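Remarks on the structure that follows.
The values are calculated or read from the model by the stated rules, or taken from the named source; none is laboratory data. Owing to the predicted nature of the structure, the values given are computational and were not obtained by experimental measurement. Cβ: placed from backbone, ideal geometry, glycine included. Neighbour counts: every protein chain shown. What goes into the accessible areas is simple: the full protein's heavy atoms, side chains included, and nothing from ligands, DNA or RNA. Shrake-Rupley method; radii C 1.70, N 1.55, O 1.52, S 1.80 Å.
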Amino acid sequence: MPGAMTRPPCLVIAVGNPSRGDDALAPALLQRLREWVSHNGHEQRIELLEDFQLQVEHAADLQERERVLFLDAGMNTPPPYTLDRIQPHGGHTLLSHSLPPEDVLTTYVQVFQRQPPPSFLLCISGVAFELGASLSRHAAQNLESAYAIVIQLMLAADAAAWEAIMS
């Protein structure tokens, strides 16, 4: 259809609260990625979203995507980060105000009656999540490593290339 809007094939969703110490890791990474996307003219290829937490409504954001990257911080995550392919869990999604990424994928399957796009979770290791705290030195170092791998992912052509980067 002429004039129809198409979505960028890659979606990056960052989840976290910038006011809670290392929970700011994903939003901080997304901000750096936003600058990189803009500087390199990748706005047509990569869409960036940020929220405090994932909700069932985020399933709609996955439509028309070739791949999705969720960014989050984790207290018990091995440093500097983990990067995993994620799948819908196959059960019914509990309706709540906060969901793990796998539940967003499950909601997508339930609502759209098809498999979601290949999806990955980059969880960055953090140690201090207190309200009002700034990013810890430990987290700032992990952020640098996470940024490097995210740029590799953004330059990769497809989900199969993302899988190769993970190995």
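Overview of results
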| quantity | calculated |
| --- | --- |
| Test: PHE70 is within 15 Å of the chain's Cα centre (by Cα), among the aromatic types (Phe, Trp, Tyr) and open to solvent by 70 Å² or more (accessible area, probe 1.4 Å) | no |
| Residues of region 118-155 classified as aliphatic (A, V, I, L, M) and over 18 Å from LEU30 (Cβ atoms), total | 4 |
| Residue check for GLN115: within 27 Å of ASN142 (Cβ to Cβ) and not hydroxyl-bearing (Ser, Thr, Tyr) | no |
| Counted residues, region 23-59 - those being of a type in the set (Gly, Ala, Ser) and closer than 17 Å to GLU102 by Cβ | 2 |
| Selection within region 31-49 - closer than 20 Å to TYR81 by Cβ, open to solvent by 50 Å² or more (accessible area, probe 1.4 Å) and in contact with a Leu (Cβ under 6 Å, 6 or more places away or on another chain) | ARG34 |
| Cβ pairs under 6 Å, 6+ apart, first in region 50-67 and open to solvent by 50 Å² or more (accessible area, probe 1.4 Å), second basic (Lys, Arg) | GLU64/ARG7 |
| Residue tally, condition under 23 Å from MET75 (Cβ atoms), outside any loop (DSSP other than H, G, I, E, B) and of a type in the set (Lys, Arg), over region 1-52 | 1 |
| Filter result (of a type in the set (Val, Ile, Thr) and open to solvent by less than 70 Å² (accessible area, probe 1.4 Å)) within region 97-143 | VAL104, THR106, THR107, VAL109, ILE124 |
| Residue ID - most open to solvent (accessible area, probe 1.4 Å), chosen from residues in region 1-19 that are over 21 Å from SER145 (Cβ atoms) and in contact (Cβ under 8 Å) with a residue 12 or more places away in the chain | THR6 |
| Test set (1) more than 17 Å from ALA148 (Cα to Cα); (2) touching a helix residue (DSSP H, G or I) at 6+ places or on another chain (Cβ under 9 Å); (3) open to solvent by 60 Å² or more (accessible area, probe 1.4 Å) - PRO79 fails condition number | (1) |
| Residue match in region 136-154 (condition: assigned to a helix (DSSP H, G or I), over 16 Å from VAL12 (Cα atoms) and of a type in the set (Ser, Thr, Tyr)) | yes |
| Matching entry among GLU144, GLU163 (being closer than 26 Å to HIS89 by Cα and of a type in the set (Asp, Glu)) | GLU163 |
